[in-house]
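Worksheet: one structure, shown below.
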Amino acid sequence: AAMPGGARDLYRRILLLHRALPPALRALGDRYVKEEFRKHKAAGPAEAQRFLREWEATLIQQQINEDKQNLREKTVYGIQLTEEKLNDFRDEQIGQLKELMDEATKPQKNITISKDSQHKT
């Protein structure tokens, strides 16, 4: 089975929203999204629908946060996960969240992304 047709549109909208992030967070977020969508490409219909619903909710929350940021000076990234949401995750997903948190909270390094390293289409 393949992901429903709306998956590509959702994927593009998420990556488009990431353009507003600082470069290091954008690169991290883009890698995470690409990996997750790739992993779920052949998911069964029920799992694919749940996956897309969760990402749609995340996208909407990101857009709300972006709108709020435009109304105030301090920038806030991410959302709080409730204990109920965390209980729905598989052990593998908890591990991924931990890796993501560790990566996002590392002491900041200067990251340079050259145009030469990007794929051209």
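The values are calculated or read from the model by the stated rules, or taken from the named source; none is laboratory data. Predicted model, so just to flag it, every value in this text is computed and none were measured. Reconstructed Cβ throughout: ideal geometry from the backbone, glycine too, with neighbour counts over all protein chains shown. In case anyone asks, the SASA skips ligands and DNA or RNA and just uses the protein heavy atoms, side chains included. Shrake-Rupley method; radii C 1.70, N 1.55, O 1.52, S 1.80 Å.
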Query raised in the report: at pLDDT below 80 and of a type in the set (Gly, Ala, Ser) - does that describe any residue in segment 75-94?
Result: yes
Query raised in the report: Which of the residues that make up segment 23-41 are of a type outside the set (Phe, Trp, Tyr) and open to solvent by less than 80 Å² (accessible area, probe 1.4 Å)?
Result: Ala24, Leu25, Ala27, Leu28, Gly29, Asp30, Val33, Glu36, His40
Query raised in the report: within 21 Å of Lys85 (Cβ to Cβ) and either touching a Pro at 6+ places or on another chain (Cβ under 7 Å) or hydrophobic (A, V, I, L, M, F, W, C) (or both), is that true of Leu16?
Result: no
Report task. Could you grab the pairs with beta carbons closer than 6 Å, sequence gap of 6+ or different chains, first residue in segment 43-57 and at positive phi, second one among the charged types (D, E, K, R) and surrounded by 13 or more Cβ atoms within 10 Å (Cβ to Cβ)? Result -> none
Report summary line: Restricting attention to segment 1-16, the residues that are open to solvent by less than 70 Å² (accessible area, probe 1.4 Å) and either out of contact with any Asp or Glu (no Cβ under 7 Å at 6 or more places or on another chain) or in a loop (DSSP other than H, G, I, E, B) (or both) number exactly 6
Query raised in the report: Can we say Asp67 is of a type in the set (Asp, Glu) and modelled with pLDDT of 60 or more?
Result: yes
